[in-house]
């Protein structure tokens, strides 16, 4: 059994407990965990570590203080590097002095695109612990996670339109699939706050809990998942994502092609034995 591991960077920290649950906390509480380039980079590094660590079985993503994340840093967006501001890539949210030439040319580090893809593609269960407001890109971070636990006194808001932007961090793809086209268009057109009870009602979150219980409830759920059949979890996530773009014939074909991978796994064998022996299974993740 692994020990407790903690690693902290400037804008994000990672703690991994003995159950294999990683807690990723973004840290900019004075600005409601608004995103800046430093935070984007730190989150990306943490997610890379988690993806490559076989001992990590589940991830909880949360924000420090009273907010999950306010999204893009408005102060940074308001500043310009020159009087002839040619667009957002000239602003300090993206254009930082120490960016390497290759990074500038390939635009690998200039937006939150890397983070959104990392969250979606991470082959482990992910839970957003929404301890406070989740706005703009902060809402998108939460939606790219597999599951969401939310404080019952807070809200989400797709706030891009309020500052003349489109939801470029994924909401235009995510929201119609989660809540249907009509409601998704309402949220994106109006940028209105979506209170916690409505988030639960329309399916944006899985569970509502009192504010002080968000993190503990999320970690408890993550530990349950971490003790589950890792092979099955990985395949459920991958195949379900693939099926979103397939018709029913190809989706069924792809689903059935996973049979050998799960029927021959040690976890399946253990699950059958545990069922027959009327005990809790002890999955090993292989």
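Key figures for this structure:
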quantity: Check on residue 252, over 21 Å from residue 57 (Cβ atoms), touching a residue at least 60 places away in the same chain (Cβ under 8 Å) and outside the structural domain of residue 25 (by TED's automatic domain parsing); calculated: no
quantity: Any chance residue 76 is modelled with pLDDT under 95 and exposed (fewer than 13 other Cβ atoms within 10 Å of the Cβ); calculated: no
quantity: Within the stretch 237-272, tally of residues that are over 14 Å from residue 283 (Cβ atoms) and part of a helix (DSSP H, G or I); calculated: 20
quantity: Residue count for the stretch 157-171, restricted to those that are at negative phi, surrounded by 14 or more Cβ atoms within 10 Å (Cβ to Cβ) and touching a helix residue (DSSP H, G or I) at 6+ places or on another chain (Cβ under 7 Å); calculated: 6
quantity: Breaking point among (1) assigned to a helix (DSSP H, G or I); (2) over 19 Å from the mean Cα position of the chain (by Cα), for residue 228; calculated: (1)
quantity: Criterion: modelled with pLDDT of 55 or more, within 18 Å of residue 136 (Cα to Cα) and in contact with a strand residue (DSSP E or B) (Cβ under 6 Å, 6 or more places away or on another chain) - qualifying residue of 35, 24, 59; calculated: 35
quantity: Residue in the stretch 125-134 that is assigned by TED's automatic domain parsing to the domain that holds residue 59, in a helix (DSSP H, G or I) and buried (at least 21 other Cβ atoms within 10 Å of the Cβ) present; calculated: no
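The values are calculated or read from the model by the stated rules, or taken from the named source; none is laboratory data. Not measured: the values here are computed from a predicted model. Cβ atoms come from the backbone with ideal geometry, glycine included; neighbour counts cover every protein chain shown.
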